[in-house]
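The structure appears right after this line, and notes come after that.
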4 protein chains.
Amino acid sequence: MKKAILLIQCPDQKGIVAEVSRFLYSYNGNILEVDQHVDVEMGMFFMRAAWELDSFSLGKDEILPRFEQEVGQRFSMEIKLHFDFPKPRMAIFVSKLSHCLFDILGRHHAGQLDVDIPMVISNHPDLKTIVEAFGIPFFHISVTASNKEAAETHQLRLLAEQRVDFIVLARYMQIVSGDFIRHFPNRIINIHHSFLPAFVGARPYHAAFERGVKIIGATAHYVTEELDAGPIIEQEVARVRHHNNIAELVQIGQDVEKVTLSKAIKYHVERKVMAVGNKTIIFY
Amino acid sequence: MKKAILLIQCPDQKGIVAEVSRFLYSYNGNILEVDQHVDVEMGMFFMRAAWELDSFSLGKDEILPRFEQEVGQRFSMEIKLHFDFPKPRMAIFVSKLSHCLFDILGRHHAGQLDVDIPMVISNHPDLKTIVEAFGIPFFHISVTASNKEAAETHQLRLLAEQRVDFIVLARYMQIVSGDFIRHFPNRIINIHHSFLPAFVGARPYHAAFERGVKIIGATAHYVTEELDAGPIIEQEVARVRHHNNIAELVQIGQDVEKVTLSKAIKYHVERKVMAVGNKTIIFY
Amino acid sequence: MKKAILLIQCPDQKGIVAEVSRFLYSYNGNILEVDQHVDVEMGMFFMRAAWELDSFSLGKDEILPRFEQEVGQRFSMEIKLHFDFPKPRMAIFVSKLSHCLFDILGRHHAGQLDVDIPMVISNHPDLKTIVEAFGIPFFHISVTASNKEAAETHQLRLLAEQRVDFIVLARYMQIVSGDFIRHFPNRIINIHHSFLPAFVGARPYHAAFERGVKIIGATAHYVTEELDAGPIIEQEVARVRHHNNIAELVQIGQDVEKVTLSKAIKYHVERKVMAVGNKTIIFY
Amino acid sequence: MKKAILLIQCPDQKGIVAEVSRFLYSYNGNILEVDQHVDVEMGMFFMRAAWELDSFSLGKDEILPRFEQEVGQRFSMEIKLHFDFPKPRMAIFVSKLSHCLFDILGRHHAGQLDVDIPMVISNHPDLKTIVEAFGIPFFHISVTASNKEAAETHQLRLLAEQRVDFIVLARYMQIVSGDFIRHFPNRIINIHHSFLPAFVGARPYHAAFERGVKIIGATAHYVTEELDAGPIIEQEVARVRHHNNIAELVQIGQDVEKVTLSKAIKYHVERKVMAVGNKTIIFY
């Protein structure tokens, strides 16, 4: 069964659900999922609708123009149309810490993550053997203070060649440039190892230890130019105790990081995320 | 703002969302919430839609017949229509254990629970003073092996006089009869102090202790004639350790019970629950 | 069964456990609980030991001097000795929000909180009736910009008259002065309605909403002169979603607040908390 | 720093902690961790003590006999003495489902699991490449109705040759025989994909789906001859909703399984587990 997914936002007004569902029905669409959200303060309406393509009487390329003409223009809609095929193409950036990477590769291997992974890019060669055992190409692009711009150019070329749709920073220990980010707006997912907005920046487990918190967390978010300030996709937490030293916080936290990141990837892949300013709507 | 809530179930087919939303729009309804669920195995479609009544051009009593005629008959729908006014009338049954009762009364006092509470009925007099301090009438109806039927008759009369819509068994330590249950089908919510289906029946904390589980739980469910087997509305759990004795399991568990029961009540009051056979759909 | 509880801290060195347990055994003490913690960075040792008093051959007043002489001096120990009788005397400060107060009163009524509660002090009269129905004296002391010092003097006099051991700020919407705090060092427990250190200060639920976090929390901590910066005793969290408005965050958060505060009170009452600088050791 | 760990059980009586800690101190032991538990109903005392070996004045082989003579006999103790070197040798049994296996291998690769893994044994060849990429020997031993006894003999020979200390059944889809289990009493850890004692036996996710539970779980336990009835080491849960079909329950559950199993392995490796009858004491 093939699926189309429509993401809509527009000023809130009556009749939107009726018109969208009428449109889908008029072309013989079987709605599988429909979710809506009204942001009362903004006066904005958001909607996600998924339907079966097999019986649908419009061709893939006809849908968007026809929808804009019949429905979108009238409601001043901002529209995104996705299909669940071909699979989105995801690149993974990693450094030496392997826990998030292996978690993603494991899920992919088990058929739980509906993406193609054309590459893992790392600034260290360490994880090459295992990545390749999973059948994924591995590119080692070292990054230094002096070659950073060239490295990003190299990365961008590989990403373009492989038509990568979005990037996952799986504990990639480099800050990516604003220029790089602008190539992938709301299409770079980072995992930050704290419960944001607590402990922004470097060494959050050390900061959590110093403050004596009883719970630590991790935050998956879209990367924006302001560090650790992008729209939050998912957060998870774990309990810690006074006897846990920093090494143990790191270890407990890594379990949280990998679960949080994998959930965020899944929401992104299933087109369940709408980023609106600094926040996200997650239609799960 | 007044609200109407429609709960629908029917055989799954195309066009249902379109027709329901067209109906609401055609009478100038502003949809606030819409959720749907398809049970693929059963081939059944379930939907909840809530909309503002203030601008709606049909009167309260016109809605259901008009909807049945225009939409319901065509899709063979089973329909329930609710309004969020007047508030549902909830009776609480309790014995001596006060934790669930006080939790409910506290929420009600804080304006978090949109119900009227015309009565607390108890088979013990102990909690009378505090219940009345919350401004709620308290009825002591003792229950013994010999007077059980008369007691239920007395209870049913009070419930009828006060036009009670649904009943919460807040650790009411009596088994209610099948006859009593049939007066309130899927309208009696019980809290069972285990993570069902584990530890059905009496003394679940003792059973949990004997088995050496590491997590205990509580289950809020609609009461059916088979003990502890009704549709589950909500479950919650808490971690326990080897050093927790049964008294501590009870205490830890009571916190879980009250949270679980209050969530279930809230879902029920907001008409977010559809019971289907032995299961529930919760549109939260 | 009566119980004595010893809390010790001293520079880490060998033989401490041996000497403490030898001391208790030599006077026929039956150890019920023993926990230790070594802070490797500080080079400090912390210990909690609880034992049965009934068979103990030292009188209540003999224990501390004898322990200091036989054990404490040798290891340069800082020692606190508590007994589980008479019960600690706890005052509750509250404003209008009742959820934490009612949760505490409910637990106390159910026999789950081993304290005496000689008073509830509030800057508003609203909760008087219910507090008194629980059999607890209620004092209304209004606080304004101009009478704040006098109000605290009044409060301190009541606390002294009733020999109050510690204070719980159960959503008391007034900042207590440094002078007041110095009367109860590490003996005032506050509940802050955020997951500290995120969202320090006023209106944390609004701040959480603005940031778009996916999890909110509450923090129980000892009050120090720096706002929301005292040693954290307990934290809890709850999941929120994009559709939760601020009123819903408040409601979800209040459930977290009351559970967190009650856990912190319990740890404090059972003498399981050692505050060390800005952190706590919780021997649960 | 090398570490010794003593696990003791004996009838409860006074002076045990004093005597154990005196013994360790008298040979210049620095206690790192000490935990105790009294089972009041059984009248039994349990203790775990860990201390630094480097400064200890008894040799590795002298400790146990000396301790038995000086302390153990007097209190009728059952004693186990472990060292944290050499690392315990763990075999992993797996079938086709890879999530638990990869999680373990990932942790081991990251240095989080202090074991040697001399072998992965599988009744299917599928996971060979990836296991070997992690540097772990892989043995394919197919199991059929007719060769089961021979297969176990083969397994036992490999386990003996490699001096394996304990076995992890990482979703190994075969029932191991009583004879096999008797070679590794309380040294085979299984992960069952339900929250035991709910849904014992085959296809627990199907059973959970049928019952309409709102939370699913996983249970790590020692394998005993009665199916799914051995001492529980760890349990975890995850929330599910009415719209999750069985495939989704499986996927959500697999995340719970791998976390639960890895925690259980960690407790076992760190000698924090004491199995007593059908229950465990976990000194974490």
Any hit, segment B:264-271, residues being under 21 Å from B:Arg211 (Cβ atoms) and more than 9 Å from chain D (Cβ to nearest Cβ): no
Filter pass, A:Leu64 being of a type outside the set (Val, Ile, Thr) and in contact with a helix residue (DSSP H, G or I) (Cβ under 6 Å, 6 or more places away or on another chain): no
Please determine whether any residue of segment B:55-74 is modelled with pLDDT under 95, in a loop (DSSP other than H, G, I, E, B), closer than 30 Å to A:Ser26 by Cβ and open to solvent by 10 Å² or more (accessible area, probe 1.4 Å). yes
Matching residues, segment A:75-105, being away from every other protein chain (no Cβ under 14 Å), surrounded by 14 or more Cβ atoms within 10 Å (Cβ to Cβ) and either in a helix (DSSP H, G or I) or in contact with a Gly (Cβ under 9 Å, 6 or more places away or on another chain) (or both): A:Ile79
Looking for whichever is open to solvent by 70 Å² or more (accessible area, probe 1.4 Å), under 22 Å from A:Ser122 (Cβ atoms) and in the same structural domain as A:Val276 (by TED's automatic domain parsing) here; the options are A:Arg182, A:Arg171, A:Arg157. Which one fits? A:Arg157
So is B:His140 open to solvent by 60 Å² or more (accessible area, probe 1.4 Å) and touching a Gly at 6+ places or on another chain (Cβ under 9 Å) or not? no
Matching residues in segment A:18-71 - criterion: being more than 9 Å from chain B (Cβ to nearest Cβ), of a type in the set (Gly, Ala, Ser) and in contact with an Asp or Glu (Cβ under 8 Å, 6 or more places away or on another chain): A:Gly43, A:Ala50
Looking at segment D:20-29, can you tell me whether even one residue there is over 18 Å from C:Ala49 (Cβ atoms), in contact (Cβ under 8 Å) with a residue 60 or more places away in the chain and surrounded by fewer than 18 Cβ atoms within 10 Å (Cβ to Cβ)? no
Tally of residues being in contact with a Ser or Thr (Cβ under 8 Å, 6 or more places away or on another chain) and of a type outside the set (Val, Ile, Thr) across segment C:256-277: 1
Does B:Phe209 satisfy being under 24 Å from B:Ser142 (Cβ atoms), in a helix (DSSP H, G or I) and touching a helix residue (DSSP H, G or I) at 6+ places or on another chain (Cβ under 8 Å)? no
Identify the single condition in (1) among the charged types (D, E, K, R); (2) more than 10 Å from the chain's Cα centre (by Cα); (3) within 30 Å of D:Ile79 (Cβ to Cβ) that D:Glu234 does not satisfy, given that it satisfies every other one. (2)
Among the candidates A:Glu210, A:Glu234, single out the residue that is facing chain C (nearest Cβ under 10 Å), surrounded by 24 or more Cβ atoms within 10 Å (Cβ to Cβ) and not polar (S, T, N, Q). A:Glu234
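Residue under question is C:Arg48, and the condition is that it be of a type outside the set (S, T, N, Q) and open to solvent by 60 Å² or more (accessible area, probe 1.4 Å); does it hold?
No; evaluated as a whole, the condition is false for this residue.
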For residues that are of a type outside the set (A, V, I, L, M, F, W, C) and open to solvent by less than 50 Å² (accessible area, probe 1.4 Å), tally how many sit in segment A:272-281. 2
Count - residues of segment D:40-54 that are part of a loop (DSSP other than H, G, I, E, B) and either assigned by TED's automatic domain parsing to the domain that holds D:Glu270 or closer than 24 Å to C:Gln36 by Cβ (or both): 3
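Quick check on my filter: what residues within segment A:191-202 are hydrophobic (A, V, I, L, M, F, W, C) and surrounded by fewer than 20 Cβ atoms within 10 Å (Cβ to Cβ)?
Of all residues in segment A:191-202, those hydrophobic (A, V, I, L, M, F, W, C) come to A:191, A:195-196, A:198-200, A:202.
Result: A:Val200, A:Ala202.
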When residues of segment C:237-256 are limited to those that are within 10 Å of chain A (Cβ to nearest Cβ) and in contact with a His (Cβ under 7 Å, 6 or more places away or on another chain), the one nearest to C:Leu196 (Cα to Cα): C:Ile246
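Table: residues versus (1) at pLDDT below 95; (2) in contact with a strand residue (DSSP E or B) (Cβ under 9 Å, 6 or more places away or on another chain); (3) not polar (S, T, N, Q).
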{"residue": "C:Asn123", "(1), (2), (3)": "no, yes, no"}
{"residue": "C:Ile141", "(1), (2), (3)": "no, yes, yes"}
{"residue": "C:Asn147", "(1), (2), (3)": "no, no, no"}
{"residue": "C:Ala150", "(1), (2), (3)": "no, no, yes"}
{"residue": "C:Thr153", "(1), (2), (3)": "no, no, no"}
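Residue-by-condition table, conditions (1) open to solvent by 20 Å² or more (accessible area, probe 1.4 Å); (2) touching a strand residue (DSSP E or B) at 6+ places or on another chain (Cβ under 7 Å):
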| residue | (1), (2) |
| --- | --- |
| A:Ile189 | no, yes |
| A:Pro204 | no, no |
| A:Ile215 | no, yes |
| A:Arg239 | yes, yes |
| A:Ile246 | yes, no |
| A:Gln254 | no, no |
| A:Lys266 | yes, no |
Test: residue in segment D:5-13 that is closer than 23 Å to D:Tyr267 by Cα and either open to solvent by 60 Å² or more (accessible area, probe 1.4 Å) or within 10 Å of chain C (Cβ to nearest Cβ) (or both): no
If you go through segment D:225-241, how many residues are in contact (Cβ under 8 Å) with a residue 40 or more places away in the chain, among the hydrophobic types (A, V, I, L, M, F, W, C) and either touching a Cys at 6+ places or on another chain (Cβ under 6 Å) or outside any loop (DSSP other than H, G, I, E, B) (or both)? 3
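The values are calculated or read from the model by the stated rules, or taken from the named source; none is laboratory data. What you see is a predicted model; the values in this text were computed from it and never measured. A quick note on method: Cβ atoms are made from the backbone with ideal geometry, for glycine too, and the neighbour counts reach across all protein chains shown. With ligands, DNA and RNA removed, areas are computed over all heavy atoms of the protein, side chains included. Shrake-Rupley method; radii C 1.70, N 1.55, O 1.52, S 1.80 Å.
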